[in-house]
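Encoded as structure tokens, the structure appears first; notes follow it.
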Amino acid sequence: MIKHKITIQRGAKMIAFHIDMNVMQFSFDYLSKWLKSLSEMGYDTVLWEVENNIQWETCPECVSPDAFSKERFKELLRLCKDLNLQSIPLLQIIGHCEYVLKHDAYKHLSESSDRFDQYCPLNPELAPFLGQWINEYLELFGKVNYFHLGADEAWTLGNCPKCSNFAQKASLSELYIQHVNTIANPIIEKGITPIIWCDMALKHNEALEKLNRKIMIFDWQYGTYRGSGKFLVWGKGVMTTDTVSQDVLDRFGDFIFPHGQEPGSIPETFYTSDFLAFHGFQTVTCPSSCFWQDNFFAPRNLLHLRNCFDFMKKGLQAHLAGTLLTSWTVHLVPWELQFACIAMPEFITQHPAATLEEYKDWFIHRYFKFNDGDLFWKACGLLSKPCLFTNVQTLGQGKHTKPIPLDHAKNVIQSLKKENKLEEELKNAQTRLCEYKEALELFETFKGKIKGKEELIELWMLSAKNGIHRAEMTCFFIETELGLAPKPDKGKSLLDELAELKKQTETMYTPIVKQGRRKEMIDWIFAAVQHYLEELIRCL
Ligand SMILES: [Zn+2]
């Protein structure tokens, strides 16, 4: 028996798309083209995470050289209006503030002297600074219904002496919630609904009752899906029916097991949305089509499809306020390669009872005018596992957007050597190489059969080629380091192929990302591995 009551939220559901310009500074034309497509695919809202890509006056130091003028950006906002897409601005109010705190003028606002990602919520200068910036956002965006305050992943909450002292007397939860309420109140007074991400409020939930109920919560979960038996507990990790702890059951049990906690009970994967709605918050579900651990050349489409399908549908339930598809550009993946997830709302809203397999068939037929997607889905899966230098963890790029040191690839190999992990990585690269090659063949065959969107498959083929080259290069680095028959000719041919792939990858990004950032992205992807390759060739 369900012990809790959930308030039914009336009105149309929000179907939103997240435009993250944190790392990929999208071009005007690319954004215009996608806004039109989003509207056609059933989206009604765009969440603009513009960060330093507007010529801000409140924080001129952070403004990117490629930033939009306000007049130019207003053209995009007008286009949204014409397309019936409402715009939601996003400004970070605690975590993910690298783009501000990396500048000397703002270091005093930082929670820790050795990091530059989080503001100190008790710094008396912070609220006036953010308040001024929020007003500048509102001037730019005009009349809005919602304002997103970020407020996720405040990794060092309570670190500075002042915050630590506060947290000891009250709690980390109280520290966080007091800050969010303080920044949100003036927005609420303007008749606008503030929004925050869910993670901090759920991880530190002791004082949740004090969080203003006029704040909407965007409940994000990217790695889970129905049938996995797993559910995420913020601050504690992924759990199952067998591993769930008593304190978690005491707090969330009614929502994780809404039909009782008998042995073998199936957990509700997305119980957090029910929990938040029960506690009086308007709640929007947020799946992802690209996030942490994705390869830069291919996201884990099969995982994202399951997460998006289940969590988007959850957001359309009567007691929830809708859904937002997130996509994180620190992983450098163009939206085209996430298209199978992005295209989902059109199907889900028309076929609420359909299965994911039915969606996948519909997608292949709708966009490729073909009836069999096996080759496509298999190839996407084969490309999704990483080898060295294919993702943030080993490539080294990040939200800091700083250049990657030229000796980065060499250092990665050397530290793996120290950890005795070179053989393991070599084996991984060899396995991936076979999979990436198979993916390329499958995409080639698929392209010959379809009657639409061939250019999308060509993008996938470039991804496969980049993957093959990365895996071959990794093998070459490790084999050389281990003294296993070094082959100078192989090194030279890898270098030639790298030059060609660099050219093709830059051409691919040309219509997507503005020039300055595009150059940086190409450097992140290629410069350090190229440098190491050249060094090894010289030594052989
Ligand atoms: Zn502090």
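The values are calculated or read from the model by the stated rules, or taken from the named source; none is laboratory data. The shown structure was predicted, so the numbers you read here are calculated from the model rather than taken from an experiment. Cβ: placed from backbone, ideal geometry, glycine included. Neighbour counts: every protein chain shown.
Structure summary
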item	result
Test for Leu211: is it closer than 25 Å to Thr269 by Cβ and at pLDDT 95 or above	yes
Residue check for Phe376: part of a helix (DSSP H, G or I) and over 19 Å from Val333 (Cα atoms)	no
Of residues in region 118-137 being within 25 Å of the chain's Cα centre (by Cα), free of Cβ contacts under 8 Å to residues at least 60 places away in the same chain and assigned to a helix (DSSP H, G or I), the one farthest from the ligand (Cβ to nearest atom)	Tyr137
Residue in region 91-113 that is modelled with pLDDT under 95, within 16 Å of the ligand (Cβ to nearest atom), of a type outside the set (Val, Ile, Thr) and assigned to a loop (DSSP other than H, G, I, E, B) present	yes
Residues of region 196-243 satisfying the condition of being among the charged types (D, E, K, R) and over 22 Å from Arg300 (Cα atoms)	Asp199, Lys203, Glu206, Glu209, Lys210, Arg213, Lys214, Lys236, Asp242
Some residue of region 225-248 being among the hydroxyl-bearing types (Ser, Thr, Tyr), under 27 Å from the mean Cα position of the chain (by Cα) and modelled with pLDDT of 95 or more	yes
Top-ranked residue in region 452-499 [being outside any helix (DSSP H, G or I) and among the basic types (Lys, Arg); ranked as farthest from Ala379 (Cα to Cα)]	Lys487
Which listed residue is β-branched (Val, Ile, Thr) and in contact with an Asp or Glu (Cβ under 8 Å, 6 or more places away or on another chain), from Ile256, Ile266	Ile256
Helices (runs of 4 or more DSSP H) fully within region 140-205 counting 3 or more residues that are away from the ligand (no atom under 16 Å from the Cβ) and in contact (Cβ under 8 Å) with a residue 24 or more places away in the chain	172-189, 199-203
Region 519-540, residues that are under 18 Å from His400 (Cβ atoms) and either in contact (Cβ under 8 Å) with a residue 24 or more places away in the chain or in contact with a Phe, Trp or Tyr (Cβ under 8 Å, 6 or more places away or on another chain) (or both)	Glu520, Met521, Ile522, Asp523, Trp524, Ile525, Ala527, Ala528
